[in-house]
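Q: Here it is, the structure in full.
The values are calculated or read from the model by the stated rules, or taken from the named source; none is laboratory data. For clarity, every value in this text was computed on a predicted model and none was experimentally measured. Here the Cβ positions follow ideal geometry from the backbone for every residue, glycine too, while neighbour counts run over all protein chains shown.
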Amino acid sequence: MREVGRKQETADRRQDTARRGQDTAGRGQETADRRQDTEPRKAAKAQRFQDLIVWQKAHDVVLKVYTATRGFPAEERFGLVSQMRRAAVSVPANIAEGFKKRGQRDKMNFYNIAQGSLEELRYYLILVADLGYIPKPIELTAAVEEVGKMLYALIRSVKP
């Protein structure tokens, strides 16, 4: 007899809980809607390296470097132009390669190489400004700075 009583109490509690859930369902949705408006959304996991915003921005930097170096003197074609382009291309290329690596160490290595190439490009921008090839590479420098911050954040997200 006691067993039947417990089963009935459990069934009654479940029904009460279900009724309360129906009564508050609307309020729960309102809270979720409000939370969605104020909290930042979690980004979907990237499926391809092209999905990474840092890669997209780094690719834009490459295009800007190619455009900017077109007007350099001919004697710089195999010197500074080549070095700048190579450093710029290395950033998104290493991000792409690191993206596919499974091990944390491998990922970090490629992202670290991308950081080094970005710093190399940053120096070249100082040099070309001093040489007068690009009077004020403000836009390009700002783009490099943005990629640097995003790359740093990417590296921090990989670290344990």
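Q: Of a type outside the set (S, T, N, Q) and under 14 Å from residue 68 (Cα atoms), is that true of residue 145?
A: No: the conditions fail for residue 145.
Q: Quick one: count up the residues across the range 43-76 that are surrounded by 11 or more Cβ atoms within 10 Å (Cβ to Cβ), modelled with pLDDT of 90 or more and not in a helix (DSSP H, G or I).
A: Residues that pass the stated criteria total 3.
Q: Residue check: is residue 121 under 25 Å from residue 68 (Cβ atoms), of a type outside the set (S, T, N, Q) and surrounded by 19 or more Cβ atoms within 10 Å (Cβ to Cβ)?
A: So residue 121 fits the description; yes.
Quick grid of which residues meet (1) under 26 Å from the mean Cα position of the chain (by Cα); (2) outside any helix (DSSP H, G or I); (3) under 19 Å from residue 52 (Cβ atoms); (4) not assigned by TED's automatic domain parsing to the domain that holds residue 53:
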position	(1), (2), (3), (4)
89	yes, no, yes, no
92	yes, no, yes, no
96	yes, no, yes, no
102	yes, yes, yes, no
112	yes, no, yes, no
118	yes, no, yes, no
128	no, no, no, no
140	yes, no, no, no
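Q: Surrounded by 17 or more Cβ atoms within 10 Å (Cβ to Cβ), at pLDDT below 95 and of a type in the set (D, E, K, R): which single residue out of 136, 107 fits that description?
A: On inspection, the qualifying residue turns out to be 107.
Q: Which count do you get for residues in the range 77-104 that are among the aromatic types (Phe, Trp, Tyr) and either surrounded by fewer than 18 Cβ atoms within 10 Å (Cβ to Cβ) or in contact (Cβ under 8 Å) with a residue 60 or more places away in the chain (or both)?
A: 1
Q: Given the conditions (1) at pLDDT 60 or above; (2) outside the structural domain of residue 139 (by TED's automatic domain parsing), which single one is not true for residue 7?
A: That leaves (1) as the condition not met.
Q: Also, I was wondering about something else. So, of the residues in the range 77-96 that are modelled with pLDDT of 95 or more and charged (D, E, K, R), which turns out to be farthest from residue 142 (Cα to Cα)?
A: Filtering first and then ranking leaves 86.
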